[in-house]
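Comments concern the structure below.
Here, each number is a calculation from the coordinates, and none is a lab measurement. All values reported here derive from a predicted model rather than from experimental measurement. Note that each Cβ is placed from the backbone with ideal geometry, even for glycine, and that neighbours are counted across all protein chains shown.
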Amino acid sequence: MKGAMAVIRLAYHWGAFGFLIGAAVFLTIPSVPSWAQEEVTSKIYRYRERVATGYYEGYEVSPRRARAILETPGIRRDRFSIGASAAAVRIRTHLPDSHRGLKFYYRTTCIECHPGQARNLHSMRAGITCRQCHGPEPIAAINHYYSAMNTIRRHAYVCSKCHEGATASFSGFYVHEPPSTALSTRESFPLLFYTSWGMLVLLLGTLAFFVPHSFMVGFRELLDKTKAPESSVGKLANSVSHRIMGGIRKLFEKKKVPENEVDDAA
Amino acid sequence: MQQIRRFTPIQRGFHLILMLTFVIQSATGLARMYVGTGWGKQLTDLFGGYPNTLTIHKWVGLLMLFAFIIHLIYILATINWRGLPGSIYGPDSLIPRLEDIGQSIRHVGWILGLNGPPRFDRWAYWEKFDYWAVFWGICLLGGTGLILYNPVISSRFIPGWALNVLLWIHRIEATLAMAHVFLIHFFIGHLRRENFPMDLVMFEGGIDLEKARHERPDWVERMENEGALQNVLVAKSTLSLRVIYHVFGFAIVIGCLYLLVNAFLNAHRLMG
């Protein structure tokens, strides 16, 4: 009874202590605007100079302050890099129909032309099709101003179809994330690159030390002569160990002989 | 034969809970990771389909975190606060000590046949590493897992792209944990000469006196000198209990090796 009370009292004291520290820390954090609260409140002026329906406006947010991926709209580093002048013709990310004028488009599936994009968690795990996110024809390019995929409204028009309550911050998740350990990711998404490599080094380092360590310990213990041979297996192990350890000892003894000779000569 | 008590029932209970939740998390996590492959599909079927697998993974993860919190409270309650800092730095504690460095060097020397065996006390250095590896692993996996539990809510506080990063941390740390348990921990618990078919110490709680004297001479001597040895001697568990321990232990090992081998064989399919 006394012991239980002591434990409860201890837990209570630590809880109160932690609560006070937490409260103190919490109060010192300046009130940063939350990632989610960036809805644009204006009803009219954003589209005044453009021809627009104003239909989107209620859901829009100002563009993200920080995107993790370095986006260079002019130059794309795929298999062939595209120079600035060619980019004006070939980069389609601002078009209302990203496939306008492409030959054989209607006879081909999405993944034949975009194999890299097919490897995303949504398609691979949950079996979600490209069109459930990218919509019907014409497929608007990502950065076209009125595209549903544009970051200013992606959360409302794409993600929240399935993720109820998705915010602009949530839509900053990279559905087609770059391969996390590829060298090209170091430039496009450095944080992902360095954390994955950091974790991989931890993984490989731990295994590289402890796998050989365990096996060598196991092997050496098999040859342990000081252990009484309790069974036939033990006896066998002891006789083998006698041979092997004797051999190893000889190896080291032999090495020592020339050293002594050198010393004597000097 | 007489045994020295090495783990209290509470500690064994923690290990049992950790063991069961770890296996479930491994199976559901791998099922999730490999669901694009035929084997992963089979695994998810085992749990009643992909959505159920996700749910189980999340709930058992919470259970694991809950057990971890209980473990922390248990640690705080068992520490001898009056005797700090000496009381947590002694040979009975899992905190790494300076002696561990010397012992590990001597141990390597012994493996290579250069010198005699080190005289271990209660915990050898790799056992301490084992404990802290799990500790750190639960913090990291539990932390990232908790954030990924509901990405819609958590992305209100962190940018959405952080989820990409956290998902990778979660994945790689889980791979590390599984590789460590399925390769190293199982090897130590089952395949070392002294432990061969299975080391029962985590189930029955005691270790044979002679075995302890051979493996950890300093521990036994210390207790003899303090006159404390009589207090920690316990009887060996009954045969029927030992049979149950063996069956249970091997069921877990076989299940985990099944996961390990198939995860390995299907790894190339994850890429394509």
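Table for the structure above
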| item | result |
| --- | --- |
| Crossing angle, helix B:50-78 versus chain B [Cα axis fit, 0-90 degrees, rounded to tens] | 30 |
| Simple label model, 7 Å out from Cα along Cβ direction - B:Tyr89 to A:Gln117, nm | 6.1 |
| Rounded to 10°, Cα long-axis angle of helix B:217-226 versus longest principal axis of chain B | 60 |
| Spin-label pair B:Arg193/A:Glu187, simplified geometry with 7 Å Cα→Cβ offset, distance in nm | 5.8 |
| Degrees separating the helix B:125-149 axis from the principal Cα axis of chain B, which is the longest one | 20 |
| B:Ser240-B:Ile75 FRET efficiency (beta carbon distance; Förster radius 56 Å; 0.05 resolution) | 0.95 |
| Percentage of interatomic Cα-Cα distances in chain B larger than 24 Å | 58 |
| Pairwise FRET efficiency - A:Thr109 versus B:Phe248, Cβ, R0 = 35 Å, nearest 0.05 | 0.10 |
